[in-house]
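What follows is one structure encoded as structure tokens, with my remarks underneath.
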Amino acid sequence: MATFGRRGAVAPTSRASFQPVSAPVAPAVTRDRDDPSSEEGTFFRGNKLLADIPFLTIGLILGLILIYWLQRALALDIARDGSLDVRSLIAYGASSYDMVIGRGEWWRIGLAPLLHGSQSHLLGNCVALFIVGVRLEPLIGRGWFSLIFVASALAGEAGSLLGNAHGVPGVGASGAITGLIAALFLSSFDPEADAAQTMSRLKTSLFFGVPALLPLAFGASGNTDYYAHAGGALAGAALAMTPWLAFWSYENLPRGAIMTLPAAFAGSLLCAGFAAAHYSSNMADARQYIRASELPANGEEVLSKSLDLVTRYPNDPRAHLFRAIFLMEKQKFAAAEAEARTALSLAASDMAGGPVRNSAPGLLAVVLNAQGRVSEAKAMAAESCRAKAGEVRRILEKTKLCA
């Protein structure tokens, strides 16, 4: 990718590439050995093998693992599937529109991309980062790699805040990684790369990029933050194209840009200071809500646990939503309506109340419809019916409230 689209530049000499056993890596393009302003130090310039080892990729992975270890050590609770308690994630720095824009907690933008919600979430991101990183980092250099990673992380946060429901907290490095994937995809069009290099880059970028972005075309429902992926991909693609459009090359990246990662690290430490200042109050608030390990795992548990949960956690909107479901099953519609309205009221001021705010109106619409209040039910269901997909919409369509 160091040469694709360059105009008026001298073709660089080639250098040997680092090739891990499991995934051959495309030969990288060297910096000018005689250029004292090259971003690579003398030690790396003199050692081809070391220059091609993706130290930055490995360092980022180790950093993410260390942060997740701290998350688990400090977590209020861990769910049966290994997911960390959402209230703990909020205390660490998870972001949402309500928290960042509504409450002005801008510091969350610098922390959320470094956090992960579960071990499987972390593992998936680290595998993708490694496979993409061993191909891309030696190709474009550590300076450009840092710049794309950091910019894509921030753009991913912007996409997440703008695209997702306002009260749904989000974490993860997938925005930053998708930016790297987009950059790797563009490197597939390097006219100086041989066929093997081109296919390796193209297959890798499509393998990770298609599932990361395609669901946006079908509503992007579920727990995956596809809007963060989209924001990161746009930033990564834009930066990857910059040398081509601006008559630059990856060899002459301004020296200041090599400080991107240290500056981002310093910024994250500053953001961590703000998180620490709010940590005690956030964790005290978290104790008013259902623990992750106590959440019902299926519909049967929702019915059997609803009374206990609403009694022990009267301030948790989820408890009232579970109780409304139980009462609706028992055809006690007036009581179910009261519980659903309570859930909506509590969720309005809840930092993690987005899922309840999204689902409670649909449930309330079904309850109103069961009482013969069809016009009220359709008005309540209107917003849920505008959603492109989801279980709530399917239920409303089945009851003909989305007509």
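The values are calculated or read from the model by the stated rules, or taken from the named source; none is laboratory data. Computed from a predicted structure; not experimentally measured. Positions of Cβ are backbone-derived with ideal geometry, glycine not excepted, and every protein chain shown enters the neighbour counts.
So the check is Cβ under 8 Å with 6+ separation or different chains; which pairs have a first residue in region 138-163 that's within 16 Å of Ala182 (Cα to Cα) and among the aliphatic types (A, V, I, L, M) and a second one that's at pLDDT 90 or above and not in a helix (DSSP H, G or I)?
Short answer, once both residue conditions are applied: Ala153/Ala173.
Any residue in region 202-213 that is without any contact (Cβ under 8 Å) to a residue 60 or more places away in the chain sitting within a Cβ distance under 7 Å of a residue that is outside any helix (DSSP H, G or I) and surrounded by 19 or more Cβ atoms within 10 Å (Cβ to Cβ)? List the pairs, counting only those 6 or more apart or interchain.
Leu202/Ser188
Taking Ala338, is it part of a helix (DSSP H, G or I), free of Cβ contacts under 8 Å to residues at least 24 places away in the same chain and farther than 28 Å from Ala94 by Cα?
Taking the combined requirement at face value, the residue satisfies it.
Looking only at residues in region 93-145 that are buried (at least 23 other Cβ atoms within 10 Å of the Cβ) and hydroxyl-bearing (Ser, Thr, Tyr), which one is farthest from Pro355 (Cα to Cα)?
Ser95
Could you please find all residues in region 66-99 being in contact with a Phe, Trp or Tyr (Cβ under 8 Å, 6 or more places away or on another chain) and in a loop (DSSP other than H, G, I, E, B)?
Gly93
Across region 289-305, which residue is surrounded by the most Cβ atoms within 10 Å (Cβ to Cβ) among those that are part of a helix (DSSP H, G or I) and touching a helix residue (DSSP H, G or I) at 6+ places or on another chain (Cβ under 6 Å)?
Filtering region 289-305 for residues that are part of a helix (DSSP H, G or I) and touching a helix residue (DSSP H, G or I) at 6+ places or on another chain (Cβ under 6 Å), the one surrounded by the most Cβ atoms within 10 Å (Cβ to Cβ) comes out as Val302.
Please work out if Leu321 is in contact (Cβ under 8 Å) with a residue 40 or more places away in the chain, outside any loop (DSSP other than H, G, I, E, B) and buried (at least 22 other Cβ atoms within 10 Å of the Cβ).
Judged against the criteria, Leu321 is a match.
Any idea how many residues of region 262-288 are polar (S, T, N, Q) and not in a helix (DSSP H, G or I)?
Adding up the residues that qualify gives 1.
Is one or more of the residues making up region 309-317 under 16 Å from Leu364 (Cβ atoms) and either free of Cβ contacts under 8 Å to residues at least 40 places away in the same chain or touching a Gly at 6+ places or on another chain (Cβ under 7 Å) (or both)?
Within region 309-317, one or more residues are under 16 Å from Leu364 (Cβ atoms) and either free of Cβ contacts under 8 Å to residues at least 40 places away in the same chain or touching a Gly at 6+ places or on another chain (Cβ under 7 Å) (or both).
Go over the candidates Arg357, Arg341, Arg394 one by one and state the one that is surrounded by fewer than 20 Cβ atoms within 10 Å (Cβ to Cβ) and either in contact with a Leu (Cβ under 7 Å, 6 or more places away or on another chain) or closer than 30 Å to Met283 by Cα (or both).
The unique qualifying residue is Arg341.
Looking only at residues in region 52-64 that are aliphatic (A, V, I, L, M), out of contact with any Cys (no Cβ under 7 Å at 6 or more places or on another chain) and in a helix (DSSP H, G or I), which one is modelled with the lowest pLDDT?
Taking the candidates together, the pick is Leu56.
Return yes or no: is Ala277 over 23 Å from the mean Cα position of the chain (by Cα), surrounded by fewer than 20 Cβ atoms within 10 Å (Cβ to Cβ) and under 30 Å from Ala151 (Cβ atoms)?
yes
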